[in-house]
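Here it is: the structure, laid out below.
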Amino acid sequence: MNATLVTLDEFRAAQARLRGVAMHTPLIRLLAPGFAGEVYVKAEGLQPIGSFKLRGAYNKIAQLTDAERKRGVITYSSGNHAQGVAYAAQKLGAKAVIVMPSNAPEVKRNATAALGAEIVTVGPASSERKIKAELLQAEFGYVMIPPYDDSAIIAGQGTCGLEILADLPDVDLVLSPVSGGGLLSGVAAAIKHQRPEVRVIGIEPELAADAQESFRSGKLVTWPAEMTTRTIADGLRTQSLGELNFLHARAFVDDILTVSEDQIRDAMRTLLHVARLTPEPSGAVTTAAMLFHQAELLPYRKAVVVMSGGNVEPEVLQSVLHS
């Protein structure tokens, strides 16, 4: 197997580092009509920062040397990875600088600032914030904590997959949101290393379907920011999969499906009313696939949909509930 792929030992080492830091989130049964089997929600919105991103950020920063931590860390993010890095840096005694887009949700920007991070604002394109972070890294000597294209980040996010297998050993279908690909590649690899027969499928918005195009064409493609920023799912507006994430997707992922904006909104309402969980739009895409794409997901007996986060803008939540 390709040496660049994260190993089961690396996922288990990440899990040991995260013990007592990241929550082992529960699987909550989703009792909605029309399902062919049992469906459970992996409630990552219950993490201390409201999303799975704490897993990868902490795993990466925890492995830095004392000298590297003294230099400070930097990243680029629309919000959830920003909070993950800020939280982990605060816990581990490092300065954090976060480059965020101008259209980042205020709830995520405020939460990042509250964790003591220094925020630098740029335009809406994911490429723009990456370039700015690299310039600041070169100027000040910060250590880069990439949002997804990094083996330590993938290993951290994949601990979510280890928990799914531990809590539901006979799971046969797992759905994960996909943006840059850190969560999907980590969850898929962690599960397939142990249970290769389990199907793992990535879900993304139709309006930001670069990952599906890359996966099905076999070559990495990039969508322009003016296309990906159209979706309500602000955490899934990344313009391309990371290179390492694409390698993992090709090795371990079974397919990538897309959902519409209306389906995402319907899924948010279902999670709120049926599971009593508060999802952000990005976290609801997997439930949307389960609600509206049963035919493409069959057969399954026990399925898990990863609800990646719950950091939703109050105004967005209000509009979804009243639409």
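A short reminder: the numbers here are calculations on the coordinates, not readings from a lab. What you see is a predicted model, and the numbers here were worked out from it, not measured in a lab. Positions of Cβ are generated from backbone atoms using ideal geometry, with glycine treated the same way; all protein chains shown enter the neighbour counts.
Based on other C-beta atoms within 10 Å, arrange His193, His322 from fewest to most. Don't skip to the end; give the middle numbers.
On the way: His193 22, His322 6.
So the ranking, lowest neighbour count to highest, is His322, His193.
Moving on. Sort Leu236, Leu272 so that the residue with the fewest other Cβ atoms within 10 Å of its own Cβ comes first and the one with the most comes last.
Numbers: Leu236 28, Leu272 17.
Fewest-to-most ranking of Leu236, Leu272: Leu272, Leu236.
Can you compute the FRET efficiency between Thr7 and Leu92 using 1/(1 + (r/R0)^6), with r the Cβ-Cβ distance and R0 = 41 Å? Round to the nearest 0.05. Write down the numbers at each step before the final one.
On the way: r = 24 Å, r/R0 = 0.59.
My answer for the efficiency is 0.95.
A follow-up question, please. Pulled fully out, how much extra length does the chain show between Lys219 and Leu321, if you take 0.36 nm times their separation in residues and subtract their Cα-Cα distance?
Values: separation 102, 0.36 × 102 = 36.72 nm, distance 3.87 nm.
Full-extension gain reported as 32.9 nm.
Among the lysines, which have Cα under 25 Å from the Cα of Lys219 when same-chain residues fewer than 8 positions away are ignored?
Lys219 reaches Lys130, Lys192.
For Ile154, Ile191, what ranking results if the residue with the fewest other Cβ atoms within 10 Å of its Cβ goes first? Working shown, then result.
Details: Ile154 34, Ile191 26.
Lowest count first: Ile191, Ile154.
Efficiency by 1/(1 + (r/R0)^6): what FRET value for Asn110 and Ala32, r their Cβ-Cβ distance, R0 = 45 Å, to the nearest 0.05?
On the way: r = 33 Å, r/R0 = 0.73.
The computed FRET efficiency comes out at 0.85.
While we're on this one: Could you work out how much longer the chain between Asp172 and Ala16 gets when fully extended? Use 0.36 nm per residue separation minus the Cα distance between them, nm to one decimal. Walk me through the numbers before you get to the answer.
Numbers: separation 156, 0.36 × 156 = 56.16 nm, distance 2.55 nm.
Between Asp172 and Ala16, full extension yields an extra 53.6 nm.
Between Asp262 and Ser127, what is the label-to-label distance in nm when each label sits 7 Å out along the Cα-to-Cβ direction?
3.3 nm
Okay, next question. Please enumerate, by chain and number, the aspartates and glutamates with C-alpha under 13 Å from the C-alpha of Lys95, excluding those fewer than 8 residues away in the same chain.
Lys95 reaches Asp66, Glu68, Glu118.
A further question follows. Under a 10 Å cutoff between Cα atoms, tell me which one of Gln83, Gln194, Gln47 has the largest fluctuation in the Gaussian network model of the chain.
Of the options given, Gln194 has the highest mean-square fluctuation.
Please compute the Kirkwood hydrodynamic radius of the chain from all pairs of different C-alpha atoms, in Å with one decimal. Please report the intermediate quantities before stating the final value.
On the way: mean 1/r = 0.0524 Å⁻¹.
This gives a value of 19.1 Å.
Next question. Between Pro48, Pro101, Pro281, which gets the highest mean-square fluctuation from a Gaussian network model of the chain, Cα cutoff 10 Å?
Maximum fluctuation in the GNM of the chain, among the listed residues, is at Pro48.
Please work out whether the stretch 166-271 counts as rounded, prolate or oblate from its C-alpha gyration tensor, where a ≥ b ≥ c are the square roots of the eigenvalues and a/c under 1.5 means rounded, while otherwise a/b larger than b/c means prolate and anything else oblate?
On the way: a/c = 2.36, a/b = 1.27, b/c = 1.86.
Cα axes put the stretch 166-271 in the oblate bin.
Let me ask you something else. Restricting to DSSP loop positions (anything but H, G, I, E, B) with no more than 14 other Cβ atoms inside 10 Å of their own Cβ, which trypsin sites (Lys or Arg not before Pro) remain in the stretch 83-184?
Details: sites: Lys91, Lys95, Lys108, Arg109, Arg129, Lys130, Lys132; in loops: Lys95.
Taking the stretch 83-184 and a limit of 14 other Cβ atoms within 10 Å, no loop trypsin sites (Lys or Arg not before Pro) are found.
When ranked by the protection proxy of mean other Cβ atoms within 10 Å per residue, highest first, what sequence do the peptides 206-215, 11-20, 135-144, 283-292 form?
Working: 206-215: 21.9, 11-20: 17.3, 135-144: 14.5, 283-292: 28.6.
Answer by packing, highest mean first, reads 283-292, 206-215, 11-20, 135-144.
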